[in-house]
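Working notes for the structure below.
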Amino acid sequence: MTQPSPARTPKNDSSKALYGGKGSRRITVRDIAAAKERGEKWPMLTAYDAMTASVFDEAGIPVMLVGDSMGNCHLGYESTVPVTMDEITILSAAVVRGTKRALIVGDLPFGSYQEGPVQALRNATRLVKEAGVGAVKLEGGERSAHQVELLVSAGIPVMAHVGLTPQSVNAFGGYPVQGRGEEAAQQLLRDAKAVQDAGAFAVVLEAVPAELAAEVTRSLHIPTVGIGAGSDCDAQVLVWTDMAGLTSGHVPRFVKKYAQLREVLGDAAKAFAEDVVGGAFPAEEHTFH
């Protein structure tokens, strides 16, 4: 008689841990899958330049997303919609150059994959070849499943993104929470399963009720990456400028500020200016003879 499989329990194996682990190679999607098997949670941050990425890499952040969020917090756009493939490619390459261990995921911006799988493959290939990313991310569930399937079949790992998809801000009329109500919840669950079945190695759940995100996480064998989706997701991601307190004005409710970097940089700039105006900088130790 066949014995039932033992229940899977989380393990804390520091030698295999994604976060803070040591190694001489890049993290891959196989490592991500293994973390899900171990019940291990892991962090992800966005990054848009080599210097910031190197800091996060040294801190042990295992996955970095070169997100189209650069439109809001790096390029000065009002939304992610104007971000181009050229911009994503240039900044993705910088992040890759600034890191040694982290898996770098490059975002496919609005208009780079919506035409269909062939367009998606062309632009994803560019990110892999020109920027050196280890995976790409695209938004959409059932509507993007064919794109995911072709990319994966071509050897390009894909992280999917469902729930609140910022590239659809004009259709949503803002940034509302997604998946509220039975019909919307069932659609989100179908979306998540569709990208899993298409071959995605992980799926971002953004602005989703915690209870629904927990149900999705239990239903999938690939990791879920939460952003405003409660604590039961397999991983959590934040935009780094939000996380570090560099973003000005309103930030989403799901953001936790781990520093006040805007205040620190502002104080440093003021101190520099005062030293220049008052003649204290440059001093003798900063001067050549």
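Tabulated data
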item: Cα-Cα over 26 Å, subset of LYS129/LYS257; LYS41/LYS256; LYS100/LYS270; LYS193/LYS256; LYS137/LYS193; LYS100/LYS193; result: LYS129/LYS257; LYS100/LYS270; LYS193/LYS256; LYS100/LYS193
item: Most to least packed among 225-237, 247-259, 70-82 [average Cβ atoms within 10 Å]; result: 225-237, 70-82, 247-259
item: Cβ-Cβ FRET estimate between VAL276 and ASP86, R0 fixed at 41 Å, reported to 0.05; result: 0.65
item: Total charge dipole magnitude, the chain, about the Cα centre, Cβ charges on Lys, Arg, Asp, Glu only, Debye to nearest 20; result: 1000 debye
item: Sum of side-chain charges, ARG26 neighbourhood, beta-carbon under 12 Å (Lys, Arg +1; Asp, Glu -1); result: +2
item: Farthest positive-ward along the chain dipole, Cα basis, beta-carbon charges - from PRO62, VAL208, VAL177; result: PRO62
item: Cβ-based net charge around GLY141, under 11 Å, with every Lys or Arg adding one and every Asp or Glu removing one; result: -1
item: Correct choice for mean projected area of the Cα convex hull in nm² that was computed from the model, options [x] 16.7; [y] 20.1; [z] 20.8; result: [y]
item: Given charges at beta-carbon only (K, R positive; D, E negative), |dipole| of the stretch 142-270 in Debye; result: 380 debye
item: Likely footprinting exposure, LYS16, LYS193, fewest C-beta neighbours within 10 Å first; result: LYS16, LYS193
item: Computed lengthening from GLU78 to ALA184, 0.36 nm per intervening residue step minus Cα-Cα distance; result: 35.4 nm
item: Beta bridge orientation in the stretch 29-258: antiparallel %, DSSP, nearest 5; result: 5 percent
item: Cα-projected label distance for ARG143 with GLN114, points at 7 Å along beta-carbon direction, nm; result: 0.8 nm
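Values in this text are rule-based calculations from the coordinates and carry no lab data. Please read all numbers here as calculations on a predicted model, not as lab measurements. Positions of Cβ are generated from backbone atoms using ideal geometry, with glycine treated the same way; all protein chains shown enter the neighbour counts.
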